[in-house]
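Comments concern the structure below.
The values are calculated or read from the model by the stated rules, or taken from the named source; none is laboratory data. Please read all numbers here as calculations on a predicted model, not as lab measurements. We place every Cβ from the backbone using ideal geometry, glycine too, and count neighbours over all the protein chains shown.
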Amino acid sequence: MNHEGGRSCGPQTVAATFGVATDRAFGAVSPPIYLSSTYTFEGYNEPRSYEYGRSGNPTREMLAEALSKLEGGAGAVITSSGMAAIDLLLGRLRPNDAVIAPHDCYGGTHRLLKARSALGQFSVSFIDQADDMALCEAFAGGPSLIFIETPSNPLMRVVDIVKIALMAKAAGICVAVDNTFLSPAVQRPIALGADYVLHSTTKFLNGHSDVIGGAVVAANIEKARELRNWATTVGACGSPFDAWLTMRGLRTLYARMERQQKTAALLAEWLQDHPAVKIVHYPGLASHPDHKLASKQQTGFGAMLSFELAGGSDAARIFVESLRVFTLAESLGGVESLVAHPATMTHADMGERARGIAGINDGLIRISVGLENEQDLLTDLAASLKAC
């Protein structure tokens, strides 16, 4: 009823109520979960709306439609992981195609792009996308796709989506933006010119660290149809139960992001004045070099931040081992606050040279801010920094 009545609702309402009270069989308020792998035909050569779980599932489609609405897209595909979402997009490229990627992107993305490139499926260039000259040189090579990650993981660098999209469109290049760090609650890349938006739904969209999933949202219906067909071909679909859990997590996305980014800003302000901290990377700080740009293309600054310890790798080890409220773990976006050491965890596979080029040093700490009491988090940071 809520999304079929024709009303134009705000995104908070869409996230909180999409699919609610639409069950026609029993009138369930919470939408049911469909776990069936296959579906009956009406008769000979008379398929129903769904035939087989790989090609379509009502629960998965509900999440896809909700994310498409929130991102302002024309359609979406739900995949088994965030990496599967990226690979779904890359899988349609050809050997003579080229991809432009951020030099400071997530380690898993870097690994996937290098692996596919090594197989000869396309070529890839890792560049500083804030460097106009580097962009122009890369575009001159005739790439098919530019992959943007903003803010970047883990250095929180922000690039101008509108500017890059305009340059790309003029050159006939597709634009894909990884929006995992911010979610549509804080940034909507399609409205800024992107052709595709990608998510690890594992993170803020689900928000509870109990699901692995991904999504690709397409800006127009033809691109969405092509992605769905390709997902059916390669079997990149997410599970119905994971989609149902993610849908449940989505209900509280806007409330969680509002609280989490408020706490993140408080922690960032406190950290930048601490003598054991060399520099804080958080676009919400006025001192951040991309603060104005982030203020322009985002509606907030997110709940992710990183900082460099003055004592380097030794200090990083002592710091993470001294924490009691923060949990040392990979991933992000959950209700619990997590801390990661990129050089030995999320970006270890990049190699020392690539990390050095990107600016990811051994003293860098990445934080995903959760919903704990702000003072408890500050006290934990203070005690751990004192131990350094």
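Taking every residue in the range 132-156 that is crowded, with 22+ Cβ neighbours inside 10 Å and pairing it with any residue that is basic (Lys, Arg) and at pLDDT 95 or above, at least 6 positions away or on another chain, the pairs with Cβ-Cβ distances below 8 Å are THR150/ARG157; PRO151/ARG157; ASN153/ARG366; PRO154/ARG366.
Mind telling me which of the residues THR346, THR299, THR327 ends up being touching a helix residue (DSSP H, G or I) at 6+ places or on another chain (Cβ under 7 Å) and either of a type in the set (S, T, N, Q) or at positive phi (or both)? One residue alone meets the criteria, THR346.
Taking the conditions exactly as written (at pLDDT 95 or above, at negative phi and not basic (Lys, Arg)), does ALA76 satisfy them or not? Judged against the criteria, ALA76 is a match.
There is no residue in the range 314-327 that is free of Cβ contacts under 8 Å to residues at least 12 places away in the same chain, in a loop (DSSP other than H, G, I, E, B) and not charged (D, E, K, R).
Do we have PHE241 as over 19 Å from LEU381 (Cβ atoms) and modelled with pLDDT of 95 or more here? Taking the combined requirement at face value, the residue satisfies it. In the range 278-329, the residue that is surrounded by the most Cβ atoms within 10 Å (Cβ to Cβ) out of those that are within 30 Å of ALA191 (Cα to Cα) and among the β-branched types (Val, Ile, Thr) is VAL280. In summary, strands (runs of 3 or more DSSP E) completely within the range 173-288 and bearing 1 or more residues that are in the same structural domain as GLY370 (by TED's automatic domain parsing) occur at 277-281.
Could you tell me whether LEU377 is over 22 Å from the mean Cα position of the chain (by Cα) and aliphatic (A, V, I, L, M)? Here the answer is yes, as LEU377 does meet what is asked.
So, in the range 23-73, of the ones that are closer than 24 Å to ALA218 by Cβ and basic (Lys, Arg), which residue ends up nearest to the chain's Cα centre (by Cα)? Residue satisfying both the conditions and the ranking: LYS69. Annotation note: of VAL339, VAL369, the sole residue that is crowded, with 18+ Cβ neighbours inside 10 Å and free of Cβ contacts under 8 Å to residues at least 40 places away in the same chain is VAL339.
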